[in-house]
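Structure first, commentary second.
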């Protein structure tokens, strides 16, 4: 590609002075040739390039990054489609209209700063016009890229944003470890084959990343280790799995967005970068979330975008199907990802949130010690569970004589997991999970190799023998005899006299009748009511159906 001096050779001195002005240079030369040499000598300087690139508008910096990633050049048609055209005008019109002060495109921003030029190059399709970065300028930008990683580390070591205002942190939303209870419930549902229980997609993705689930199948040994671990340790297991997962894709899990197409992002790289930013925030101090977002947009807008590409990712707004392409939608996509990231840290028990008032969107976050990079949880040791033989934090199991079982969420998760597999699930009440034993639930448990005597043994063990006698008797009788009573919905045909019943049973309608309940009442087989009504009509009997 042409060098910088060759790229600017045809430009008049007015154009050269425009470029010099953007670089903070005052040209002393009065003729074009001398001014060109003076300008190129000043521009081809690492410090000058760094300073000028740092003050580029975010969208212009993104476009420049795209060109660098494309080996310094791109077909003009493609470049202009993304970043706009450069208006053609002579020196007189240029000096009158001053397009460099009111650029209509990203391309004009870069052009009037000397970062790009246009030229025809040979390609597989013949001679094509390209946008390009002059060769010697590109090499120096490349040198800057080589030290970019070290510079990024230095930059992110300083916290972005500012402390939260009193209004931003007015209503506090403490972090919890409820994710452990959600995970326990979902693992039990999978084990039971409960298709009606659907958790948030992020929980499924997390348990898959933690290798607790593989294609909707719980992994027995891993699940056992997770359920039996103390709460802080189990929380650390989930946090560590998320932190290191290359497959947990936060962008595709944001509820407000729909991602389509075959494009790929790098969730692990993005997560590591955002974790560095969050870890730079002072611990034990409320921090403004809106200010944090603004600082990321200003300093690191392309944190998740390869080469600053805002067009090739097909992302729609879930509410109305609007495609969100281009840097103009940064807040709706990239900003939404940062918010979701902070919410995930809250969900994983690592960050407290706050809002102006209850029910409002979070506007502040708080990092309690220890540091987020620690795998150990941030909860007090007193909140950990004891083993299954002891109660923790007053958690207990209560069994009623009518088959109802209440299990505190503070009780052993491993025990609740096992009990739930024998039961019907009722609605949760505050910190208690409510279950009920039924013939159907015991039959379903039996199909999985579980026995009623196992449930009875657990209940006796973990309630210190306070299981009501009626429940003990019911479980023992089920083990011996199975279901001894049945409740079902039936259609019953009632007639006025036994003679009518005999006539019905002797007719062709008899094959649709079931068990005789009395001389004047009989069960109608399922789905046969219309046929029985027709048969009655043929016998000269009109019947009515009562719901």
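The values are calculated or read from the model by the stated rules, or taken from the named source; none is laboratory data. Everything numeric in this text was worked out from a predicted model, so none of it was measured. Neighbour counts run over all protein chains shown; Cβ positions are idealised from the backbone, glycine included.
Can you name the residue in the range 47-76 that is part of a helix (DSSP H, G or I) and without any contact (Cβ under 8 Å) to a residue 40 or more places away in the chain and, of all such residues, is surrounded by the fewest Cβ atoms within 10 Å (Cβ to Cβ)?
It comes out as 47.
Take residue 42 and tell me if it is more than 15 Å from residue 106 (Cβ to Cβ), assigned to a loop (DSSP other than H, G, I, E, B) and without any contact (Cβ under 8 Å) to a residue 24 or more places away in the chain.
Numbers: more than 15 Å from residue 106 (Cβ to Cβ): yes; assigned to a loop (DSSP other than H, G, I, E, B): no; without any contact (Cβ under 8 Å) to a residue 24 or more places away in the chain: yes.
In short, no.
Among the candidates 245, 240, 312, 319, which residue alone is farther than 30 Å from residue 78 by Cβ, in a loop (DSSP other than H, G, I, E, B) and out of contact with any helix residue (DSSP H, G or I) (no Cβ under 7 Å at 6 or more places or on another chain)?
319
For residue 422, all conditions in the list (1) within 20 Å of residue 480 (Cβ to Cβ); (2) surrounded by fewer than 16 Cβ atoms within 10 Å (Cβ to Cβ) hold save one; what is the number of the exception?
(2)
Assuming residue 29 fulfils every condition listed in (1) outside any helix (DSSP H, G or I); (2) within 49 Å of the chain's Cα centre (by Cα) apart from one, which condition is it?
(2)
Restrict the check to the range 195-215 and report whether at least one residue is farther than 20 Å from residue 348 by Cα and not in a loop (DSSP other than H, G, I, E, B).
Restricting attention to the range 195-215, the residues satisfying the condition of being farther than 20 Å from residue 348 by Cα are 195-197, 214-215.
Within this subset, residues satisfying the condition of being not in a loop (DSSP other than H, G, I, E, B) are 214.
Yes: one or more hits.
Listed here are the residues, each with its yes/no results for (1) in contact (Cβ under 8 Å) with a residue 40 or more places away in the chain; (2) more than 41 Å from the chain's Cα centre (by Cα); (3) surrounded by 13 or more Cβ atoms within 10 Å (Cβ to Cβ).
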| position | (1), (2), (3) |
| --- | --- |
| 20 | no, yes, yes |
| 34 | no, yes, yes |
| 37 | no, yes, no |
| 81 | no, no, no |
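Residue 377 passes all but one of (1) in contact with a strand residue (DSSP E or B) (Cβ under 8 Å, 6 or more places away or on another chain); (2) farther than 30 Å from residue 66 by Cβ; (3) modelled with pLDDT under 95; which number fails?
All conditions are met except number (1).
In this structure, does residue 196 turn out to be over 16 Å from the mean Cα position of the chain (by Cα), assigned by TED's automatic domain parsing to the domain that holds residue 340 and closer than 23 Å to residue 409 by Cβ?
Answer is yes for this residue.
For the structure I just gave you, tell me whether residue 326 is touching a helix residue (DSSP H, G or I) at 6+ places or on another chain (Cβ under 9 Å), buried (at least 22 other Cβ atoms within 10 Å of the Cβ), at positive phi and not assigned by TED's automatic domain parsing to the domain that holds residue 66.
Values: touching a helix residue (DSSP H, G or I) at 6+ places or on another chain (Cβ under 9 Å): yes; buried (at least 22 other Cβ atoms within 10 Å of the Cβ): no; at positive phi: yes; not assigned by TED's automatic domain parsing to the domain that holds residue 66: yes.
When the stated conditions are applied, residue 326 does not pass them.
Let's see how each residue does on (1) over 15 Å from the mean Cα position of the chain (by Cα); (2) surrounded by fewer than 18 Cβ atoms within 10 Å (Cβ to Cβ); (3) closer than 17 Å to residue 274 by Cα:
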position	(1), (2), (3)
284	yes, yes, no
288	yes, no, yes
299	yes, yes, yes
310	yes, no, no
314	yes, yes, no
321	yes, yes, no
335	no, yes, yes
351	yes, no, yes
356	yes, yes, no
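Residue under question is residue 255, and the condition is that it be assigned to a loop (DSSP other than H, G, I, E, B), assigned by TED's automatic domain parsing to the domain that holds residue 210 and at negative phi; does it hold?
yes
Taking residue 11 and the conditions (1) surrounded by 16 or more Cβ atoms within 10 Å (Cβ to Cβ); (2) under 42 Å from the mean Cα position of the chain (by Cα); (3) outside any helix (DSSP H, G or I), which numbered condition does it fall short on, given that it satisfies the others?
So the condition that residue 11 fails would be (2).
Looking at this structure, is residue 432 under 26 Å from residue 177 (Cβ atoms), free of Cβ contacts under 8 Å to residues at least 24 places away in the same chain and out of contact with any helix residue (DSSP H, G or I) (no Cβ under 6 Å at 6 or more places or on another chain)? Spell out how you get there, then give the answer.
Working: under 26 Å from residue 177 (Cβ atoms): yes; free of Cβ contacts under 8 Å to residues at least 24 places away in the same chain: no; out of contact with any helix residue (DSSP H, G or I) (no Cβ under 6 Å at 6 or more places or on another chain): yes.
Spelling it out, it is not the case that residue 432 is under 26 Å from residue 177 (Cβ atoms), free of Cβ contacts under 8 Å to residues at least 24 places away in the same chain and out of contact with any helix residue (DSSP H, G or I) (no Cβ under 6 Å at 6 or more places or on another chain).
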